[in-house]
Amino acid sequence: MSDERDPLLETLFAEADRELDGGMFLAAVQARADALRRRRLAVVLVSCLAAAPALWLVGASLQQVLGALGELVSHPIADTESLLGAPMLSPLNSVGAAVALSLLALRALFKRLIA
Amino acid sequence: MTDRYSQTAEAVVVRLAGRGDRRAFESLVLRRQSWVRNLMRRLSRDRVLADDLAQQVFLQVWRKIGRLQHPDRFPGWLKRVAVNVWLQHLRSADALHRSDAMEDAETAAPGAVGAAVDVDRALAALPPDVRLCIVLSYHARMSHADIAATTAIPLGTVKSHIRRGTERLRALLAPYDEPTTREAAS
């Protein structure tokens, strides 16, 4: 069967498809959208309030971990000091750059595979 | 309320709504509410439920419209959102519970006239999957391939649902065919 439609049913569906007054409906949608926004705001506020004491407790440890991570990311992969263009290579000569480039390559590969 | 964007092209309004313009979103609701509510009425046969589901559709639109990259594809995207809301409703536990109450609610619906009531009543006689395919074909005017892609029902099944559903609806709505037949005969 092709996509052809039965003429009688087409006519009846068109007749049943009446224009409905949108005023009350719009008001209901606005009210629900506002309620949803208020609920989300409340969730964010409660989450922040709950996270504040937790952050205060683990703040020092978190700072240490972030510091160590920063050192690791900026650590050079190879010794390029003796090379002529060393300053130009330095942005790429780090663990962080290698990780970022690998992720970009994986993303490009993934896109090519699913395209 | 006044629709500030009533004269503006829909693609422009969609883009504005995607950037968080509340008035633009409201304009889209006013433009498309009849279509979405009628779709839900055909599918659910319950006006209150249909309006509730249509509101859910527009809430999802408001949440996700910023991610719509091609504003000119809004009509097709809206159809998909509406169908997903309906399918989620069918999957939810209270859908079966509510379906029992629908019969009485709809037969007693006030203000309903003519073809709308008869079409809805005839649609009620169809199994849910068949009804969905028929409504998407005749109300949403989607192609069989689009229906298959949107509902995840295999294309062959969509075609057979529409064939069976059309035959059943033709039989149930046969009285509407009689005046035409008489006119043609005279």
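Tabulated data
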{"read-out": "Qualifying position, being surrounded by fewer than 22 Cβ atoms within 10 Å (Cβ to Cβ) and not in a helix (DSSP H, G or I), among B:60, B:88, B:56, B:69", "value": "B:69"}
{"read-out": "Answer residue from the range B:121-141, given it is within 12 Å of the chain's Cα centre (by Cα) and at the interface with chain A (Cβ under 9 Å from one of its Cβ atoms) and is nearest to residue B:161 (Cα to Cα) among those", "value": "B:134"}
{"read-out": "One residue from A:7, A:53, A:76 being surrounded by 10 or more Cβ atoms within 10 Å (Cβ to Cβ) and either within 14 Å of another protein chain (Cβ to nearest Cβ) or without any contact (Cβ under 8 Å) to a residue 12 or more places away in the chain (or both)", "value": "A:7"}
{"read-out": "Cross-chain or 6+ apart pairs with Cβ under 9 Å, the range B:1-18 first and within 14 Å of chain A (Cβ to nearest Cβ) and closer than 17 Å to residue B:75 by Cβ, then crowded, with 16+ Cβ neighbours inside 10 Å and of a type in the set (Gly, Ala, Ser)", "value": "B:5/B:24; B:5/B:27; B:17/B:24; B:17/B:27"}
{"read-out": "Matching residues in the range B:126-157 - criterion: being in contact with an Asp or Glu (Cβ under 9 Å, 6 or more places away or on another chain) and in a helix (DSSP H, G or I)", "value": "B:136, B:137, B:138, B:144, B:145, B:151, B:157"}
{"read-out": "Residue count, the range B:159-181 (criterion: among the hydrophobic types (A, V, I, L, M, F, W, C), without any contact (Cβ under 8 Å) to a residue 40 or more places away in the chain and more than 10 Å from chain A (Cβ to nearest Cβ))", "value": "1"}
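Just so you know, all these numbers are worked out from the coordinates, no wet-lab data involved. Note that the coordinates shown come from a computational prediction; the quantities given were computed from them, not determined experimentally. We place every Cβ from the backbone using ideal geometry, glycine too, and count neighbours over all the protein chains shown.
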